[in-house]
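**Student:** Supplied in C-alpha cells, the structure appears directly below.
Read the figures in this text as sums done on the coordinates, not as results from a lab. Being a predicted model, the structure only gives us computed values, none of them experimental. Ideal geometry is used to build each Cβ from the backbone, glycine not excepted, and the neighbour counts take in all protein chains shown.
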Amino acid sequence: MPDPMRIRAKIEGDRCVVRVLMSHEMETGLRKDASGQLVPAHFIRRVTATVNGKPVLNALWGPAVSKNPVLQFSFTGARPGDKVQITWVDTKSETRTDEAAITA
Amino acid sequence: MRPPAHRPGLWALALAVTAAAAMCTVAAAQEDSTSRGIERYREAVADSNPGELWEVRGEDLWKARRGPLNVSLEGCDLGKGPGVVAGAYAELPRYFADAGRVMDLETRLMHCMETLQGFNRAELVRRAFGDGERRSDFEALSAYVAAQSRGMAMNIPLKHPREQEAYREGERLFFYRAGTHDFACATCHGQAGKRIRLQDLPYLSDPADARRTYVTWPAYRVSQGEMRTLQWRLNDCFRQQRFPQLVFGSEVSVDLAMYLARNANGGILAAPGVKR
C-alpha cells in the first residue's frame with residue numbers, strides 16, 4: 001500500500017488553491033543501479049482530482065516529474081467544507097486516493 | 001622626441017582597467033542573482049515541503065507497537081519525561097543519566113529502540129540512512145520529533161559537566177585537521193561569506209550563521225529525494241573530508257552535534273527544512 005498523500009485545500013480570494021504532496025519514487029527507467037543494471041521505470045501516470053465527485057483536474061504525467069512530487073492547482077466555485085479527492089495511478093497500476101475538506 | 005606610440009599604450013591600460021571593473025560588477029551581479037534565485041526557490045518549496053511525508057510516517061512509527069518486545073516509543077524519554085515530544089528537540093543534545101552519556105536526537109531514539117523495543121543495535125546502525133525503497137526509521141522519527149519543536153528557541157544551557165565536556169570536545173574536533181587532505185570542519189566552515197560552487201558555506205562558530213543553519217536540520221534534500229538528519233550531514237562531511245567513517249551515534253558524532261547546537265542557541269527552530 002503506497003504512503004498517504006498530504007492535501008491542503010484553502011480558499012484564497014475567489015479561487016480554491018489545492019496543494020498536494022505525494023510519496024513516490026518516480027523512477028524514469030533511465031537510471032542504472034550500482035551493478036550497472038537499468039532501474040525499471042515506475043512513475044505516476046495519471047492524476048485526477050474531483051470536488052464532491054465532480055472532476056476539476058485530469059493530468060497525464062511522465063518520467064520528468066520529480067520524486068515525491070508536489071502538485072498545486074486552483075479552481076473556482078468551491079465552498080468551505082467541500083471534499084477534494086485526489087487519485088493517482090502509476091505504471092505498475094498501483095493507486096492511491098486521499099481526500100481533504102476545503103478550508104476557508 | 002618620444003614616439004607617440006606610448007599614448008595608445010596608456011589608453012589600452014585604461015581600457016583594460018575599465019574592462020576589469022566591469023567584469024567585477026558582472027560577477028557580483030551574477031552571484032547576487034544566483035543566491036536570490038536559490039532564495040526564491042526555497043520560498044516556493046517551503047510551502048510544500050515533502051518532508052511532511054516523513055513527519056506523518058514518523059508519527060505513526062512513534063506510536064506503533066514495534067520490535068521484538070512489541071511496544072511503542074511513547075515510553076521513550078527524550079529529556080522532558082517519557083513520551084514528551086513537544087519541545088524536546090530544542091534541548092538536545094543533553095546528558096541522560098539512565099544511559100550515562102550525552103545523546104543527540106538520533107542517538108537517543110536508537111537508545112529507546114534498543115532498550116524499549118528490543119531492536120538490535122547493529123541492525124539499527126545499518127539502517128541509519130535511507131536510500132530509496134530502503135527507508136530509515138530514524139529519518140522519519142527525527143522529522144516528526146523535530147517538527148514538534150517548530151517555532152521554539154534552541155536552548156542548550158550546558159549545565160551538566162558532561163555536556164560541557166561534549167561541547168569542548170566537539171569544538172576541538174571541529175578544528176582538528178586530519179586525513180589525506182589535511183582537512184578540518186573549520187576548513188570550509190571557519191570563515192564568513194564563503195561558498196563552494198553555488199552553496200553558501202555557513203561559518204559555524206558564528207552564532208548568527210550557526211542558528212540559520214542548525215534550525216533547518218533535519219531537512220528534505222530535493223536532489224536526493226530523502227529526509228536527512230544532522231547525523232547524516234555530519235557523516236557526509238566526514239566522507240567529503242576523506243576521514244574514517246563517522247559511526248552513527250558515536251561520541252564523536254554527538255560531540256560535534258553538541259558544538260553546533262550550542263552555537264545555535266536562541267535560534268528559532270524551523271525543522272524539517274528543505275535543501276537543494
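**Student:** Which trypsin sites (Lys or Arg not before Pro) from region B:171-267 combine a DSSP loop assignment with at most 15 other Cβ atoms within 10 Å? Let's see the in-between values first.
**Tutor:** Details: sites: B:Arg172, B:Arg177, B:Lys194, B:Arg195, B:Arg197, B:Arg211, B:Arg212, B:Arg221, B:Arg228, B:Arg233, B:Arg239, B:Arg242, B:Arg262; in loops: B:Arg177, B:Arg197, B:Arg242.
Here the sparse-neighbourhood loop sites are B:Arg177, B:Arg197, B:Arg242.
**Student:** Under a straight-distance cross-link criterion of Cα-Cα below 28 Å, which lysines are reachable from B:Lys194, leaving out those fewer than 8 residues away in the same chain?
**Tutor:** Hits, sequence-local ones excluded: B:Lys275.
**Student:** For B:Lys275, which sequence-distant residues (separation of 5 or more, or a different chain) have an amide H within less than 5 Å of its own amide H, given hydrogens modelled in the peptide plane?
**Tutor:** Here B:Tyr220, B:Arg221, B:Val222 satisfy the definition.
**Student:** Which loop chymotrypsin sites (Phe, Trp or Tyr not before Pro) in region B:169-276, with loop taken from DSSP, have no more than 16 other Cβ atoms within 10 angstrom of their Cβ?
**Tutor:** B:Phe175, B:Tyr176
**Student:** Under 16 Å between alpha carbons, and skipping anything fewer than 8 positions from B:Lys63 in its own chain: which lysines qualify?
**Tutor:** The reachable lysines, counting only those whose Cα sits under 16 Å from B:Lys63, number zero.
**Student:** Also: Using a 10 Å cut-off around each Cβ, can you sort B:His181, B:His111, A:His24 from fewest to most neighbouring Cβ atoms?
**Tutor:** B:His181, B:His111, A:His24
**Student:** Moving on. Show me B:42-48, A:62-68, B:89-95 ranked by packing, highest mean number of other Cβ atoms within 10 Å first.
**Tutor:** Highest-to-lowest ranking by the protection proxy: B:89-95, A:62-68, B:42-48.
**Student:** So in region B:121-252, what percent of DSSP beta bridges are antiparallel if you round to the nearest 5?
**Tutor:** 100 percent
**Student:** Next question. Loop-only trypsin sites (Lys or Arg not before Pro) in region B:105-137, please: DSSP not H, G, I, E or B, and at most 16 other Cβ atoms within 10 Å.
**Tutor:** Working: sites: B:Arg108, B:Arg121, B:Arg126, B:Arg127, B:Arg134, B:Arg135; in loops: B:Arg127, B:Arg135.
Passing both the DSSP loop test and the Cβ count: B:Arg127.
**Student:** Which shape class applies to the protein assembly as shown: rounded if a/c is under 1.5, otherwise prolate when a/b exceeds b/c and oblate if not, where a ≥ b ≥ c are the square roots of the Cα gyration tensor eigenvalues?
**Tutor:** In terms of gyration-tensor shape, oblate.
**Student:** Which ³J(HN,Hα) values in Hz, rounded to whole numbers, follow from the phi angles of region A:48-62 under the Karplus curve 6.51 cos²θ - 1.76 cosθ + 1.60, where θ = phi - 60° and Gly and Pro get x?
**Tutor:** Result, rounded to whole Hz: 10, 10, 10, 10, 6, x, 9, x, 10, 8, 9, 10, 9, 10, x.
**Student:** Name the residues whose placed amide hydrogens come within less than 5 Å of the amide hydrogen of A:Asp82, ignoring near sequence neighbours (fewer than 5 apart) on the same chain.
**Tutor:** Hits under the 5 Å cutoff: A:Ile102.
**Student:** Expressed as a whole percent, how much of the Cα-Cα distance distribution for chain A exceeds 16 Å?
**Tutor:** Working: 3099 of 5356 pairs.
In whole percent, the long-distance tail amounts to 58.
**Student:** Residue by residue through B:45-52, how many Cβ atoms from other chains fall within 10 Å of the Cβ on average?
**Tutor:** Other-chain Cβ atoms within 10 Å of each residue's Cβ, averaged: 4.
**Student:** Can you classify region B:184-256 as rounded, prolate or oblate using the Cα gyration tensor, where a ≥ b ≥ c are the square roots of its eigenvalues, rounded means a/c under 1.5, and otherwise it's prolate if a/b beats b/c and oblate if not?
**Tutor:** It comes out rounded by the Cα gyration axes.
**Student:** Please work out whether chain B counts as rounded, prolate or oblate from its C-alpha gyration tensor, where a ≥ b ≥ c are the square roots of the eigenvalues and a/c under 1.5 means rounded, while otherwise a/b larger than b/c means prolate and anything else oblate?
**Tutor:** prolate
**Student:** ³J(HN,Hα) across region B:97-109 via Karplus (A = 6.51, B = -1.76, C = 1.60, θ = phi - 60°), whole Hz, x for Gly/Pro?
**Tutor:** 5, 5, 9, x, 7, 7, 9, 8, 4, 5, 5, 5, 4
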